[in-house]
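The values are calculated or read from the model by the stated rules, or taken from the named source; none is laboratory data. This is a predicted model, so every value here is computed, not measured. Cβ placement follows ideal geometry from the backbone for every residue including glycine, while neighbour counts extend to all protein chains displayed.
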Amino acid sequence: MDPKKIDPVVNNLIDKINSAHDLNELEAVEVSVLGRKGTVNEWLRVLKGVKDSEEKKKLGSTINTTKGRITRAIEVKRRELLQRTDDTMDPTLPGQQVPVGSIHPVSRTIEEIVDIFTKIGFYKVSYHEIEYEYFAFDSLNMPSTHPARDEFESFAVDGPPSEKFGRMVLSPHTSSGQVREMWRRKKPPIRMINVARCFRRNWDVTHTPMFHQFEGLCVDKGINITHLKGAIDFFAKEYFGYDVKIRLRPYHFQFTEPSFEVDTTCTICRGTMRVNGEKCRVCKSGWLELGGAGMVHPYVLREGKIDPDRYSGWAFGFGVERVYMMKYQLSDLRKLFSGELGLFPEINR
Amino acid sequence: MNIRILDSWLREYLDTKATPIEIQELLSLSGPAVERLEKAGSDHLYDIEVTTNRIDAASVYGIAREAATILKRNGIPAELRPLDTPRPEPDKDAEPITLKDPERLLDRMLAIIIEDVEVGESPAYIRERLEAAGIRALNNLIDITNYVMLEVGHPAHVFDLDRLNSRTLLVRQARKGEEIVTLDGKKHRLDNTDVVIDDGTGRIIDLPGIMGTENSVVHNGTKRILFFIESNDPVNIRRSSMRHGIRTMAASYNENSPDPNLAETAFFRGVALYRKLAKGKVAGRYQDVRSEEAERKVIGITLADIRAYMAVEIGRDEVVSILADLGFGLEEEKDSLMCFEVPSHRMNDIGIKEDLIEEVARIYGYGRIPTHLPPFAYITDDFIRTERENFQKENETRKFLAHLGFFEVHNYSMISEEEEKLFGTSSDSIKMINPMSKELVSFRQSLVPSLVKDARINKGYQGIMIFEIANTYLPRENDLPLESRTLGLVMRGGYDRLKGFVDALLKFSKSRRYSYRAGAGRPYLKEDLSAKIYIDNREAGYIGQVDPRILYELSLPDRYVVAEIDMGVYARAFRYLESVPESDMGSPVIEDITYEFSPKAHWEEITRGLSKRFPEIWKIEYVSRFRNFITMRIYSHPGKAHKTILPDMTAYLENDARVRVKRSTDGNNK
């Protein structure tokens, strides 16, 4: 028997061993090679019949080495097959569980909002949550004696007051970032989206004392009402859908003139005022309130050290939770900040 | 503030065929918002939101005036019917009232004596209109003051003349400590910022513009009244009203500066009603004291200004016509500058040319103004760039953690003082002065108390893997607190588990180097099962097992591990891509060493020491841990000279690092 002929046979066998799908298959190969009637024993019988002592030695050595190789291959494969868990009989059973978490709806909404405005050249900043009175109110044309300050039932904070900027308060709105950004940039162009936590004294099913707002501020040469409409219309369409329209109604803020309240097409009934044949209970005549907006008041521009005769701007302030709720149903707003993981429906799937 | 007026009342002054729905729709688009339109029997009720700058619209007549202009501009014919306000002539003689205001605390005072009044129930239509507006009908004398306030838009007051001690009304500042009883029976202690009316004998008989006093109010036996309207300083009204907590409708009007000319209109109207409904007789001439001359205001604006704001080629005639409808007369027109006089009822609201633009634009119709995206401006600003990158990295981190199985929470920025004490987090934290709840008092300097609370709330779930990215608030001297972006994680289970995730998070950042040092030094952690985290040699945070004593207090039986990372440091070191180093050094030699743990030599120091001492080392991996024995796998390129540095490493460990080496083998376990 030619030793050289053993090699290809052995390689074949080793391939068979390595591709065994399970222990049964492996055992079958093992028996066929190493068993009483196996290949190796066949070779040994041939060896017995070899007369030449040189040849016998060589063949014997080859057979030995080969047997070693095969044995080792079988061992390795067996260990591998043992480690593998038993394959299932039902391919639709749940597999080995991999934990899947989730991002908070507020974080996701903020990401979407910033993404939309980035497309039209705006940048995100995050100004102070604990702010001085000056930036939160006075610079926005709301001195302490004005009734407009009533609406912002804000909280006082026990930090050291500033000689220039007054007492420390919790900012009730992101508008406190307007003059800050004007000072920071020093002059236009300004295309700010200020996203930050705000605080107000309301705690019920539709209000939490802490919430998030995003404030748009666009200051440049020749900015007018059309640009305010354009930016808000763009946001409404990108976020709610291309079929959504906006409308402006007169309102009043101390820091804008003219001031508007902005409505969008009702996201539930899509402006038809009917849902499943019944009257839409969510909207007012097919419209939903989005938030407040206006052209930046010259007083504020001056406080921002920007010349209102050369530049103009628009601003808006909308609630992050508000736009989220206009798109998704959430029965109780408090769930967003209560820490309950039930907020994520997928946790129970 | 909101006012509720009946459609039937409105139509006394608004002549139009427009339906209530049309009025609601069109008024809201160009003027005060009609928030709700309700059916009231055969009538309708408008619930209107009046903003603080439009006190002129907080009345039936004011709304009628707005509606007339707006309906007309929208193609629906409408006319404003005038208010019937005859100047009251006396029916008989009487000793006159003396009105004194030496300190000029009031802008205007109107007073008249009406005798022989018959106190009784107001007629049905008056009662209906008052009730619809949310005001209780009491008797005709009081009802007329409220009716006139709603109809004309200026508060009014009535005294029982016989309850006054003299015929003099003195307006003065209260003295500190002076007490009054308002007509709702409540006692108030005043000070010198409060303006009062004294009946000439030192006795306070009114808190003008806010609420009357018990001692001068009319009652069922009243025979003679003093009908009185004053024009107040809005700042005084607001201050006193807020301080004493007397928030009446009159105060809401007066703190927004109603037109003093309207005071006269309301006054004449009121007198007419007293005559008609209470059969009263005017005794003597009425008094009208004005401390200041009525001011005139003229504002100049060009057509170009208006066109620029609206981006509409509106014609000059249309602008003049709209403003004329609203009561703004064109005083003068020189070249392109038009000067308009502000009507007295808009004096408080209109001051700059932008205010005029708003008037034109809202009546023209905001819906007719075109829509254009704001021009794109390429802004190169390093601050903005860093903000953008940090925000993106934050979102990457959120996604990474969510994909690993963590749920994100948003906790309140404040915790209770009790929680602070339990965790020993901080005594110098910023606090709320008048918190809404005792749960929201102290601004967090660590996210851990909130996260452990979240773990407790959700202990029913199988695994707890929660994270939060929020600001912590660190007080600074003479400055606002530093709001520092922080990542906090909490996990139920052994220390090893969360450590694995933190390792992964650090690896994910592709920072140049990160390391740990045993002992985080935090009062709420088990010190010997905690470590500080360093990224690029900056202290970046820590990880540790929560002190079981704290968990016991919170009835949490399991083990919980927390970690906090400074997102500023993390983001700074975070890279998306890095340069790929040369690696033509060939296959490394792989050798395993098992050593015995000693508290004097942590993994961190041992591996750092080895790497420093043996530059041949490419990397060191942690293989396993069995009881006190730790196995490490060293990959090295010993170079041509030596075949292996294993004996040298072993010697180093025993002599320099002072750990007992149990066994060292080559990576193939030979």
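A few comments on the model shown:
- Every residue from segment A:232-282 that is of a type in the set (A, V, I, L, M), on the phi < 0 side of the Ramachandran plot and more than 7 Å from chain B (Cβ to nearest Cβ): A:Ile232, A:Ala236, A:Val244, A:Ile246, A:Val262, A:Ile268, A:Val275, A:Val282
- In segment A:315-349, the residue that is farthest from the other protein chains (Cβ to nearest Cβ) out of those that are over 17 Å from the mean Cα position of the chain (by Cα) and basic (Lys, Arg) is A:Arg322.
- Just one of the numbered conditions (1) under 19 Å from A:Met325 (Cα atoms); (2) out of contact with any helix residue (DSSP H, G or I) (no Cβ under 7 Å at 6 or more places or on another chain); (3) assigned to a strand (DSSP E or B) is not true of A:Asp243: (3).
- Of A:Ala236, A:Ala293, all but one fail to be aliphatic (A, V, I, L, M), farther than 30 Å from A:His146 by Cβ and out of contact with any Gly (no Cβ under 7 Å at 6 or more places or on another chain); the exception is A:Ala236.
- Of everything in segment B:330-348 that is polar (S, T, N, Q) and surrounded by fewer than 18 Cβ atoms within 10 Å (Cβ to Cβ), the residue that is modelled with the highest pLDDT is B:Ser344.
- Flag for B:Thr371 being at the interface with chain A (Cβ under 10 Å from one of its Cβ atoms) and either at pLDDT 95 or above or loosely packed, with under 14 Cβ neighbours inside 10 Å (or both): yes
- Screening A:Val98 with (1) in contact with a Pro (Cβ under 9 Å, 6 or more places away or on another chain); (2) of a type in the set (Val, Ile, Thr); (3) surrounded by fewer than 16 Cβ atoms within 10 Å (Cβ to Cβ) gives one miss only, at (1).
- The helices (runs of 4 or more DSSP H) found wholly in segment A:1-49 and carrying at least 2 residues that are surrounded by 11 or more Cβ atoms within 10 Å (Cβ to Cβ), hydrophobic (A, V, I, L, M, F, W, C) and within 56 Å of the chain's Cα centre (by Cα) occupy A:3-18, A:23-34.
- Within segment B:411-423, if we keep just the residues that are among the aliphatic types (A, V, I, L, M) and away from chain A (no Cβ under 11 Å), the residue that is surrounded by the fewest Cβ atoms within 10 Å (Cβ to Cβ) turns out to be B:Leu422.
- Residues of segment B:153-203 that turn out to be more than 12 Å from B:Leu226 (Cβ to Cβ), of a type in the set (Asp, Glu) and in a loop (DSSP other than H, G, I, E, B), as a count: 4
- If the condition is being of a type in the set (A, V, I, L, M, F, W, C), within 22 Å of A:Arg185 (Cβ to Cβ) and not in a helix (DSSP H, G or I), then segment A:92-143 contributes A:Ile120, A:Phe122, A:Val125, A:Phe137.
- If you filter segment A:147-180 down to residues that are facing another protein chain (nearest Cβ under 9 Å) and not in a loop (DSSP other than H, G, I, E, B), you find that the one that is modelled with the lowest pLDDT is A:Glu151.
- Considering residues of segment A:188-208 that are in contact with a helix residue (DSSP H, G or I) (Cβ under 6 Å, 6 or more places away or on another chain) and among the polar types (S, T, N, Q) only, the residue nearest to the other protein chains (Cβ to nearest Cβ): A:Thr208
- Residue in segment B:135-147 that is farther than 23 Å from B:Ser252 by Cβ, buried (at least 18 other Cβ atoms within 10 Å of the Cβ) and among the aliphatic types (A, V, I, L, M) present: no
- Enumeration of residues in segment B:349-368 that are more than 7 Å from chain A (Cβ to nearest Cβ) and buried (at least 16 other Cβ atoms within 10 Å of the Cβ): B:Asp349, B:Ile350, B:Lys353, B:Leu356, B:Glu359, B:Val360, B:Ile363, B:Tyr364, B:Gly365
- Test: residue in segment B:618-628 that is surrounded by 14 or more Cβ atoms within 10 Å (Cβ to Cβ) and without any contact (Cβ under 8 Å) to a residue 24 or more places away in the chain: yes
- Selected residue (criterion: nearest to B:Ile415 (Cα to Cα)) from residues of segment A:209-231 that are in a strand (DSSP E or B), facing another protein chain (nearest Cβ under 7 Å) and touching a Leu at 6+ places or on another chain (Cβ under 9 Å): A:Met210
- Residues of segment A:270-315 that are touching a residue at least 24 places away in the same chain (Cβ under 8 Å) and of a type in the set (D, E, K, R): A:Arg270, A:Glu289, A:Glu303, A:Lys305, A:Arg310.
- Of the set (1) more than 23 Å from B:Ala571 (Cβ to Cβ); (2) part of a helix (DSSP H, G or I); (3) not β-branched (Val, Ile, Thr), all apply to B:Asn434 but (2).
- Selection from segment B:10-25 of residues that are touching a Lys or Arg at 6+ places or on another chain (Cβ under 9 Å) and either surrounded by 21 or more Cβ atoms within 10 Å (Cβ to Cβ) or of a type in the set (Gly, Ala, Ser) (or both): B:Tyr13, B:Leu14, B:Gln24
- Of all residues in segment B:471-485 being surrounded by fewer than 22 Cβ atoms within 10 Å (Cβ to Cβ) and either in contact (Cβ under 8 Å) with a residue 40 or more places away in the chain or not in a strand (DSSP E or B) (or both), the one that is farthest from the other protein chains (Cβ to nearest Cβ): B:Ser484
- Of the residues making up segment B:30-61, just one is within 13 Å of chain A (Cβ to nearest Cβ), over 25 Å from the mean Cα position of the chain (by Cα), in contact (Cβ under 8 Å) with a residue 40 or more places away in the chain and under 17 Å from A:Lys284 (Cβ atoms), namely B:Ser30.
- Residues within segment B:501-515 that are free of Cβ contacts under 8 Å to residues at least 60 places away in the same chain and part of a strand (DSSP E or B), tallied: 1
- Restricting the first member to segment B:424-445 and to residues that are more than 7 Å from chain A (Cβ to nearest Cβ) and at pLDDT 90 or above, and the second to residues that are assigned to a loop (DSSP other than H, G, I, E, B) and exposed (fewer than 15 other Cβ atoms within 10 Å of the Cβ), the beta-carbon pairs closer than 6 Å and six or more apart or on different chains are B:Gly424/B:Pro523.
- Selection status of A:Arg191, buried (at least 17 other Cβ atoms within 10 Å of the Cβ) and in a strand (DSSP E or B): yes
- Candidates in segment B:2-29 are the residues that are assigned to a loop (DSSP other than H, G, I, E, B) and either on the phi > 0 side of the Ramachandran plot or not aliphatic (A, V, I, L, M) (or both); of these, the one that is farthest from the other protein chains (Cβ to nearest Cβ) is B:Glu12.
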